[in-house]
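A quick write-up on the structure given underneath.
The values are calculated or read from the model by the stated rules, or taken from the named source; none is laboratory data. All values reported here derive from a predicted model rather than from experimental measurement. Glycine gets a Cβ as well: all are built from the backbone with ideal geometry, and neighbour counts include every protein chain shown. All accessible areas refer to the heavy atoms of the entire protein, side chains included, with ligands and DNA or RNA removed. Shrake-Rupley method; radii C 1.70, N 1.55, O 1.52, S 1.80 Å.
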Amino acid sequence: MTGVDDHVARLTALVAGPSNRVEGNGTVGLLRRVCGAAVQTLSASGAGVAMMAGQGIRGVYAASDPSAERLEELQFTLGEGPCLDAYASRRPVLVPELTDSAMTRWPIYAPTAHDTGVRAVFAFPLQAGAARLGVLDVFRDHTGELKPEELRQALLLAEITVGALLDRHEQNGDRISPVDLDEAIEGRAELFQAQGMVMVQLGVSIEEAMVRMRAYAYADNRRLSEVAHDIVARRLFFDPDHT
């Protein structure tokens, strides 16, 4: 076995992992192993995977480390970033230098990511035909394009990840485990509920309500999910005279 077959076997083994891995055998564990494989094979400083639904709504996600997790969360808080662009365009988003045009493209996300030490980011959609499952993000602490071999490895890893997720779909009757699915649905339902509450509180459109929530989360350095939870629990109220 040589060439491409060797790469497939190695990446498949990294994603599958031994059954006693601390990440677990559920979908989140699978995604964590994908992140680890990306860091290991692509000279990355971090990686993240987000499984997404229509219109860029994130469900289950995982990251290689807390810093990468924060970068993943930030994109959904701000509503901008390579992950969302890759998902919407169905094409990889390759940014070998997180300056100049990237700062214009993502005026809030890019400077924030740069401040954390990220110098390059590469986002690869996870898709099969018309089905879009999510995005794999790869972060680097140095500038530079992916070498041709690294790009092939990244695309191959994305393909293997899609295959593994679809296998879970066949085995479990869903793309994610029941526990993961419950958490994802609960989180999205709470977000939508909070969005509706802010819409009523401010007398704005549903889209503007989300913008206000994202702005609040960013200004207060909090996750959007945390802000939504406080809104639903009525610990946070948006006053039209002070927003």
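A few comments on the model shown:
- Here the stretch 69-168 has 52 percent of its accessible surface on carbon and sulfur atoms, given a 1.4 Å probe and all protein chains in place.
- Each residue, H142 and V211, gets one label point 7 Å from its Cα in the Cβ direction; the gap between the two is 4.2 nm.
- Under-5 Å amide H pairs with A47, H placed in peptide plane, nonlocal only: S64, D65, F139
- Where chymotrypsin sites (Phe, Trp or Tyr not before Pro) fall in DSSP loop in the stretch 195-243, at most 12 other Cβ within 10 Å: F237
- Base-10 log of normalised Debye intensity for the stretch 96-141 (one unit scatterer per alpha-carbon) at q = 0.22, 0.27 Å⁻¹: -0.74, -0.91
- Stretching the chain fully between A9 and D100 yields a gain of 28.9 nm (0.36 nm per residue, less the alpha carbon separation).
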